[in-house]
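Every number in this text was worked out from the coordinates using simple rules, so none of it is lab data. These numbers were taken from a predicted model, which means no experiment stands behind them. For neighbour counting, all protein chains shown are included, and Cβ atoms are generated from backbone atoms with ideal geometry for every residue, glycine included.
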2 protein chains.
Amino acid sequence: MEKVANTSDSDNNGLTLESVRQSLIRQEDTIIFSLIERAKYPFNSPLYDHDSLVSPSMVESIVKDSEALQAKFGRYESPEENPFFPDSLPPLVVPPHNYPQILHPSGASININKTIWDIYFKQLLPLFVPKGDDGNYVPTAACDLQCLQALSRRIHYGKFVAEVKFIDAPEDYGQAIRAQDKDTLMKLLTFVSVEEMVKRRVAKKAMIFGQEVSLNDDDKKGKCKVDPSVVSCLYDKWVMPLTKLVEVEYLLCRLD
Amino acid sequence: MEKVANTSDSDNNGLTLESVRQSLIRQEDTIIFSLIERAKYPFNSPLYDHDSLVSPSMVESIVKDSEALQAKFGRYESPEENPFFPDSLPPLVVPPHNYPQILHPSGASININKTIWDIYFKQLLPLFVPKGDDGNYVPTAACDLQCLQALSRRIHYGKFVAEVKFIDAPEDYGQAIRAQDKDTLMKLLTFVSVEEMVKRRVAKKAMIFGQEVSLNDDDKKGKCKVDPSVVSCLYDKWVMPLTKLVEVEYLLCRLD
């Protein structure tokens, strides 16, 4: 994925292979900043406890209420944004913002946030935050929200990746789409060497952004605030595969 | 300010000169990350427009509602957190968290967020975000909230700085406090060489965290996402003077 030709960028409301590539690269910084900020706090398990099977955890309530607040002001009108709790969003309190319709309507509503939620809390979080409880629950939950939103935006950006790739090579993709052939679509979207490069780049970013900066370059550097190999693994195991999953799902209905 | 002796750290519920110093340094990273993230978006002026003199701007509504949400879950119980809209906060919906009482009660309630708000929107923001409007209002306002909260936490951390300095040298400060001598207190809290070092360090951090990271080190680096001289100026003109203002105000009532 993220294979990008620097020539023949097809224009589609300003969306080009190059603009998509630049957005994906810039989103790496946002994701890494948000992980570094979350790692400031320990795990803080009371955020994630359920009193009972039916009552929500504190982090669920905070994310749900934050999404409702942001929905009122139009966050989820943007085709780049996808809520974690889409069923309980209040109506707009501001005039609608007319975003250009770039995505094919059938694929625009793909939402795999349930998967992202489970991976983030069950698998990723324990890999990069220290054990413990410092009582800073709300700032911690605010960091979780940042991480979730950054990961969700990046992964669902697969819709734009798929759209721009389809526009660039409609014949190649069209055949596989008409055959509803997921495996061929996945092959068309997979570029192992590009994925290796992305993994190395995000690890390098984690090292650079997570270092302790001191005026004296000879000072012994502390360890990185977030282990670069965790960030590389996050991209390898979850971000890139889930983005490609979104791309395939999007393409499957691109000719509907 | 931020002068720190590495010896004779007085213990006060775990608060030491060294722990205060470490917190201030770590908070620099948070502030710079939040500025870099805000700089992703253009100014987006509709966020800041008032329909009339009495109705709030969209950013005011979003910050106010976000604070109310966070207050319910206990954000402002923490002595490190100070709301921008303290008059309209709802009661807790979770059991109270008993933070250790480190600050003297008279100084604990100092809140200069009105000043921070005005500086952030009127003076700082135009210095580091590009002109324009990309319609991403809610993500932009969420970044403003991050910046405001990070700056507010850093500046009000002056209460802890003042407390630990007072505990470390009660005689020196006591005399000026009893005389309610602001000028002497300001002199006791000011260390020009330390301030110069902080300014250089935050500029260096802005350069490192705001660079475009590429796998090939020979690639021409783009310009920093936030001008390092703006971050240095932010600390010089606003963060350090306002922190010292909080420190002086705190000390003036430290013997009440």
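Label-point spacing at B:Ala169 relative to the other copies reads 6.9 nm, in ascending order, each point sitting 7 Å out from Cα along Cα→Cβ. Across peptide B:134-142, the mean count of Cβ atoms from other chains lying within 10 Å of each residue's own Cβ comes to 6.
The residue in chain B that lies nearest, by its beta carbon, to the axis linking chain B with chain A is given here with the distance in whole angstrom as B:Phe33, 2.
Between region B:120-154 and region A:96-149, the C-alpha centres lie 21 angstrom from each other.
When chain B is treated as a Gaussian network with alpha carbon springs shorter than 10 Å, the biggest mean-square fluctuation among B:Tyr48, B:Tyr157, B:Tyr99 belongs to B:Tyr99. A label point on A:Ser55, set 7 Å along the Cα-to-Cβ line, lies at 4.0 nm from each of its counterparts in the other copies, closest listed first.
Remark: for residue pairs A:Lys165/B:Lys122; A:Lys225/B:Lys237; A:Lys223/B:Lys122; B:Lys64/B:Lys237; A:Lys159/A:Lys223; A:Lys114/A:Lys187, the C-alpha separation exceeds 32 Å in A:Lys165/B:Lys122; A:Lys223/B:Lys122; A:Lys159/A:Lys223.
Annotation for A:Phe43 and A:Asp87: the two label points, set 7 Å from Cα along the Cα-Cβ direction, are 2.9 nm apart. With θ taken as phi - 60° and the Karplus curve 6.51 cos²θ - 1.76 cosθ + 1.60 applied, the whole-hertz 3J(HN,Hα) list for region B:46-51 is x, 4, 10, 6, 9, 5 Hz, x standing for glycine and proline.
Distance from the Cα centroid of region B:77-95 to that of region A:39-65 is 19 Å (rounded to whole angstrom). In order along region A:148-153, the Karplus-derived 3J(HN,Hα) couplings, from 6.51 cos²θ - 1.76 cosθ + 1.60 at θ = phi - 60°, round to 4, 5, 5, 5, 4, 4 Hz, and Gly and Pro are given as x. Sorted from nearest, the other copies put their A:Gln180 label points 8.2 nm away, the label point being 7 Å from Cα in the direction of Cβ.
Summarising the label geometry, the points placed 7 Å from Cα in the beta-carbon direction at B:Cys253 and A:Cys253 lie 5.8 nm from one another.
Two numbers describe the Cα atoms of the protein assembly as shown: Rg and Dmax, which are 24.2, 86 Å.
The Cα center of region B:169-237 and the Cα center of region A:178-201 differ in position by 45 Å. A full extension of the chain between A:Arg26 and A:Asp181 corresponds to an added length of 52.6 nm, given 0.36 nm per residue minus the alpha carbon distance. Annotation: peptides A:20-27, A:108-115, ranked by per-residue average of other Cβ atoms within 10 Å with the highest first, follow the order A:20-27, A:108-115. Peptide B:201-209 shows a mean partner chain C-beta count of 3 within 10 Å per residue C-beta. Partner shielding of B:65-75 amounts to 5, given as the average count of beta-carbon atoms from other chains within 10 Å of each residue beta-carbon. Helices in chain B, meaning DSSP H runs of at least 4 residues, each add -39500 (n - 2.57). Divided by all residues, the mean residue ellipticity at 222 nm is -16000 deg cm²/dmol. In the frame of its principal axes, chain B has Cα extents of 55, 50, 34 Å, reported largest first. Take the Cα of A:Asn216, step 7 Å toward its Cβ, do the same at B:Lys223, and the gap between the two points is 3.4 nm. Using the Karplus relation 6.51 cos²θ - 1.76 cosθ + 1.60 with θ = phi - 60°, the per-residue 3J(HN,Hα) values for region B:103-120 come to 7, 5, x, 5, x, 4, 8, 4, 9, 10, 5, 4, 5, 4, 4, 4, 5, 4 Hz, with x marking Gly and Pro.
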